[in-house]
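Undergrad: I have a structure here, written as structure tokens, and I will follow up with some questions on it.
The values are calculated or read from the model by the stated rules, or taken from the named source; none is laboratory data. What you see is a predicted model; the values in this text were computed from it and never measured. Cβ atoms come from the backbone with ideal geometry, glycine included; neighbour counts cover every protein chain shown. With ligands, DNA and RNA removed, areas are computed over all heavy atoms of the protein, side chains included. Shrake-Rupley method; radii C 1.70, N 1.55, O 1.52, S 1.80 Å.
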Amino acid sequence: MELPEQGAALGGAMRAPIGVFDSGIGGLTVAAALRRMLPLEDILYIGDTARVPYGGKSASTIERYGREISGMLLAEGAKMIVVACNTASALAVPRLQQSLEVPVIGVIQPGAAAAVEATRNGHVGVIATRATVQSGAYEREIHRLNPEIRVSAQACPLLVPLIEEGWMNDPVTRLVIERYLGGLLELGIDTLVLGCTHYPLLRESLGAFVGEGIALVDSAQNCAMRVDAELKSRGMASSGSDSGSLRVTLTDPSAAFLDVAQEALGLEVGEVRVRPVQMLSE
Ligand code: DGL
């Protein structure tokens with residue numbers, strides 16, 4: 001597949017949908033914040049369920065996935081791409097921003113900004129996929145905002161499959177959380193960045209384990225604020241008075257997807273389609 005003509009998306013502007021993607025259901029935490037803050041906007045969400053999880057894949061594979069899914073969103077007329085996946089934000093956003101004409105917004109900068117604002121003792125923990133941790137993207141962004149802050153990162157590769165399975169409050173999930181987070185807590189962090197958009201779905205179990213003294217922060221709210229500001233500054237915000245909709249495309253069927261969207265996030269999903277990934281010809 002060639003990347004589609006992007007001029008049409010820019011020209012069609014205000015009523016065109018915002019394209020949002022993730023490897024699976026995690027990006028719905030960002031879609032939920034977008035729905036709350038920008039109720040007039042249509043959202044077109046792609047969950048790349050055929051290839052989830054992204055977090056253990058190589059940088060070049062994740063970058064290609066990012067281009068392929070963005071291409072599918074642009075082919076549907078997206079006016080902006082929101083990369084609602086930390087892994088793809090860390091590894092694919094720089095190239096997408098260079099190569100696409102539509103604005104591309106990732107979740108690392110919004111998450112880092114939330115952490116810098118929240119920390120009092122200057123020691124921030126980051127939990128994320130292996131690929132995000134290895135990329136060093138959170139350290140870089142937090143240090144760009146405040147070089148004094150100490151950052152301790154921990155990869156948690158088993159959490160995404162447990163969340164995709166819908167095991168948010170399961171004893172197995174709590175054991176896995178304890179195993180990953182125990183060491184991080186001993187280091188004395190006062191803020192924990194949920195550096196994977198799936199993790200806010202575990203907020204209750206994570207909060208119960210870390211206790212009230214540690215602030216849990218994620219990207220969703222700050223990301224939605226950036227999208228809002230970007231759309232307004234470019235004159236691309238929806239000007240209609242009808243409320244927007246959330247349409248979902250999955251690249252493979254997923255049993256838990258709708259349950260999570262509706263039960264855990266209270267999202268009303270208008271339409272769910274399954275479409276195979278449109279591969280890019282290199
Ligand atoms: N939700 C994603 C993230 O924010 C992807 C997780 C994965 O697929 O491994 O990193």
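Undergrad: Compute the convex hull volume of the Cα atoms of region 44-106, divide it by the residue count, and report the result per residue in Å³ as a whole number.
TA: Dividing the Cα hull volume of region 44-106 by its residues yields 74 Å³.
Undergrad: Moving on. For ASP22, ASP218, write out the residues from largest to smallest accessible area, computed with a 1.4 angstrom probe and no ligands counted.
TA: The ranking, largest first, comes out as ASP218, ASP22.
Undergrad: Write down the percent of antiparallel bridges among all DSSP beta bridges whose residues are both part of region 19-170, to the nearest 5.
TA: In region 19-170, DSSP labels about 0 percent of beta bridges as antiparallel.
Undergrad: In whole Å, largest first, what are the principal axis extents of the Cα atoms in the chain?
TA: Rounded to whole Å, the extents work out to 53, 42, 40 Å.
Undergrad: On to the next question. Any chance you could check the Cα centroid distance between region 123-176 and region 48-72 for me, in angstrom?
TA: Cα centres, region 123-176 to region 48-72: 18 Å.
Undergrad: Order ARG130, ARG226, most accessible first, counting only protein heavy atoms with a 1.4 angstrom probe.
TA: Output order, biggest surface exposure first: ARG130, ARG226.
Undergrad: Counting only protein heavy atoms and using a 1.4 Å probe, what share of the accessible area of the chain belongs to carbon plus sulfur, as a whole percent?
TA: In the chain, the share of accessible area belonging to carbon and sulfur is 49 percent.
Undergrad: How many Å² of accessible area per residue for the chain, probe 1.4 Å?
TA: Here the residues of the chain average 42 Å² of exposed surface.
Undergrad: Another one. Fully extended, how many nm does the chain gain between ARG140 and SER60 (0.36 nm per residue separation, minus their Cα-Cα distance)?
TA: 26.8 nm
Undergrad: Assuming R0 = 30 Å, can you tell me the calculated FRET efficiency for the pair LEU175 and ALA118, based on Cβ-Cβ distance, to the nearest 0.05?
TA: After rounding, the FRET efficiency stands at 0.65.
Undergrad: Continuing with this model, one more query. Can you work out D for region 1-139 in µm² s⁻¹ from Stokes-Einstein, where Rh is the Kirkwood radius over C-alpha pairs, the temperature is 37 °C and the viscosity is 0.692 mPa s?
TA: Stokes-Einstein gives a translational diffusion coefficient of 213 µm²/s.
Undergrad: If you project the alpha carbons of region 190-282 onto their three principal axes, what span does each projection cover, largest first, in Å?
TA: 44, 38, 37
Undergrad: A follow-up question, please. Quote the Stokes-Einstein diffusion coefficient, in whole µm² s⁻¹, for region 78-199, based on the Kirkwood radius over alpha carbon pairs, a temperature of 10 °C and a viscosity of 1.306 mPa s.
TA: 105
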